[in-house]
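Novice: This is the structure I have questions about; it appears just below.
Where a number appears in this text, it was derived from the coordinates with a stated rule and is not lab data. All values reported here derive from a predicted model rather than from experimental measurement. Positions of Cβ are backbone-derived with ideal geometry, glycine not excepted, and every protein chain shown enters the neighbour counts.
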Amino acid sequence: MHRGNPALNGVAAEVLPDALVLRWKFKTGGPVKSSAAIVDGRVFVGSDDGQVYALNLKDGAKLWAHNATDPFEASPLVLGGLVIVGGIDGVLYALESGTGKVRWQVKTGDKIVGGANVVKSPDGKTDRVLVGSHDYTLYCVEARTGNEVWKYKAENFINGSPSVTQGRTLFGGCDALLHVIDVAKGEREKVVEAGAYIAGSAAVDGPLVYVGHYENEFLCIDIKEGRVVWKYRDRQFPYNSSPALTKDRVIFGGHDKRLHCLTRAKGEVMWVFNTRGQVNSSPVVCGQRVLVGSNDGRLYMVSLADGARVWDYETQDAITASPAVAEGHVVVGSEDGHVYCFGARKP
């Protein structure tokens, strides 16, 4: 799923070599802004050509494609044999992971650009899916059937993926609020003023939430106390990138063309890495390495310790998707229309 877990921490359980090689690339019919999901040797990813693809992780061969005509920018959630993904047509699709056949679909009132998340029902027996729409609504549906459990109305677009922590789901909206909702009931617990509209997803750890907004600040918010713990402001550029969280650091990109690494405790700068384009891609931490794409068309790997460049690869257009890392592979889409897969150098 997007960012790797329901807390959206952006940390992969992989150790990467210092240099990756291109294993394969797959051409779609449009820009690839969707972040891939990798499960059991298969890659699931959407494209602006209106299709969701299932590819073989080993060689990039197409296993199936589902065509919905309108683009897919959201990242798929793979759950219980289903690929659950929202489209620009406003429909949340559940596709059989083996065939691409539609199992169910839920129509919302506007486009879906954020990935879905998953929570357990209060009795712990069934899975539920959470997804936001530009119709201002967060939906909770049964994973097996798509039947509605509850829906929650915000005051503007919901752009990112909702995150889950301690029986709550939360998201930042274009209403400049961080919404905290009881995940069992779908009822608001509180809202926290962020100060500007939030386009990315928030990462959480217990009561602490980390998220950037469009008025050039990155925030740490305590949802238990309902207050902003600290604010980071550098240059006059927005932060769209969803952050990655380690035990003591938070890493995120900005429109200032840079990747920022701060201490989680106080928001103090550890290091900053410069690219040549906006960094709207969301970073992924793999051991002592950080992977992130840039609008300069490059996928970068930098050192978690000091932000030094370790490796990069140039595609032909912006990389706004987040890298997916699993089974020794790194998969990322580019707006040049290709899905790229990297791995360790073959012996």
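Novice: Can you give the net charge of the other residues whose Cβ lies under 14 Å from the Cβ of ALA244, counting K and R as +1 and D and E as -1?
Specialist: Local net charge: +2.
Novice: With a ≥ b ≥ c the root eigenvalues of the C-alpha gyration tensor of the chain, is it rounded (a/c under 1.5), prolate (a/b larger than b/c) or oblate?
Specialist: Values: a/c = 1.60, a/b = 1.03, b/c = 1.55.
Here the chain falls in the oblate category.
Novice: Describe numerically, in nm with one decimal, the distance between label points set 7 Å from Cα along Cα→Cβ at ASP110 and at ASP248.
Specialist: 4.3
Novice: Oh, and also: Suppose R0 equals 56 Å. What FRET efficiency, 1/(1 + (r/R0)^6) with r the Cβ-Cβ distance, do VAL21 and ASP222 give to the nearest 0.05? Don't jump to the answer; show the numbers that get you there.
Specialist: Values: r = 44 Å, r/R0 = 0.78.
The computed FRET efficiency comes out at 0.80.
Novice: Next up: Compute the signed sum of charges (Lys and Arg +1, Asp and Glu -1) over the other residues within less than 14 Å, Cβ to Cβ, of GLU73. Please report the intermediate quantities before stating the final value.
Specialist: On the way: positive: LYS33, LYS111; negative: ASP48, ASP49, ASP70, ASP89, ASP110, GLU335.
Charge balance in the 14 Å sphere: -4.
Novice: For the peptides 297-310, 41-54, what is the packing order when you average, over each peptide's residues, the other Cβ atoms within 10 Å and list the highest mean first?
Specialist: The packing order, highest mean first, is 41-54, 297-310.
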